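All remarks here apply to the structure that follows.
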Amino acid sequence: MEYILSPSMLSCNFLQAGEDLKKIDKAGAQWVHIDVMDGVFVPNISMGIPLVEAFRKGTERFLDVHLMIIQPEKYIERFIKAGADLVTFHLEATNQPQECIDMIHRLGRKAGISIKPGTTVEEVLPYLDSVEMVLVMTVEPGFGGQSYIEYCTDKVRKLRSIITARGVDVDIQVDGGIGKDNVAKVIEAGANIFVAGSSVFKGDVEANVAALMEQFPE
Ligand code: DX5
Ligand code: ZN
């Protein structure tokens, strides 16, 4: 299994986002996580299509776009045209999840489906045969810098055991409150893609990336 760090640009210094992109790249983080919030699905507003376009020009790394917006089907194509390599939408945000997945695939990109802390693992199982990644949120979506919700570890563990039993190739991403002191526990539970915002951008970015990635299994 491949272990990947996806620093969340929500916690970067927006006045020097290009420099921050270079720093995480140099430090060896493989992906770049971009949080899109609409003020409706979550009580916050963050970045949109023009910033994805700008980040696309600022890095060669894989762009991991996390849509926290209602009716993602209306915007998926525009985020892909802006440069997303993978688009994750929330199961709770649409009544046509399969159509969203199919749309992302038709446009030649990878599809992720996300569940909030209160959504059960069972609800995402119908889509395991068609997505590349499930994002198990480990905080309530909407803000960086929150504390990891402990019961989410068991959701990761359960999902990994079902994925293994089914023999499908699906990555498990975790997002929210991930840092050097809890990443090992979430690895052990079965996650393999780690979003980290404040624990990467607070302080020395290169040292923070190293402290997280040195805990990844060989
Ligand atoms: C929260 C976002 C996260 C956020 C994580 O809704 O999805 O990606 O940036 O920030 P930290 O790592 O600080 O919890
Ligand atoms: Zn996110």
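The values are calculated or read from the model by the stated rules, or taken from the named source; none is laboratory data. In this text, all values refer to a predicted model and were calculated from it rather than measured experimentally. Backbone-built Cβ (ideal geometry, glycine too); neighbour counts: all protein chains shown. When the accessible area is computed, the model is the full protein with side chains, heavy atoms only, and any ligands, DNA or RNA have been set aside. Shrake-Rupley method; radii C 1.70, N 1.55, O 1.52, S 1.80 Å.
Details
- Protection-proxy order for peptides 178-188, 25-35, 63-73, each taking the mean of Cβ atoms within 10 Å per residue, highest first: 63-73, 25-35, 178-188
- Computed 3J(HN,Hα) for the stretch 199-211, one whole-Hz value per residue from the Karplus formula 6.51 cos²θ - 1.76 cosθ + 1.60 where θ = phi - 60°, is 6, 9, 8, 7, x, 7, 4, 5, 5, 5, 4, 4, 5, glycine and proline marked x.
- Over the chain, relative contact order from alpha-carbon pairs under 8 Å, at least 6 apart, %: 21
- When the C-alpha to C-alpha distance is required to be over 19 Å, the pairs from Lys155/Lys202; Lys81/Lys110; Lys23/Lys116; Lys23/Lys57; Lys57/Lys116; Lys23/Lys110 that qualify are Lys155/Lys202; Lys23/Lys116; Lys57/Lys116; Lys23/Lys110.
- Kirkwood radius and radius of gyration were both taken over the C-alpha atoms of the stretch 4-213, and their ratio Rg/Rh is 0.93.
- Solution diffusion estimate, µm²/s, Stokes-Einstein, the stretch 42-145, Kirkwood Rh from C-alpha pairs, 4 °C, viscosity 1.567 mPa s: 93
- Qualifying GluC sites (Glu not before Pro) for the stretch 91-179 [loop in DSSP, other Cβ within 10 Å: at most 15]: Glu150
- Across the accessible surface of the stretch 4-213, with the other protein chains kept in place and a 1.4 Å probe, carbon and sulfur atoms take up 51 percent.
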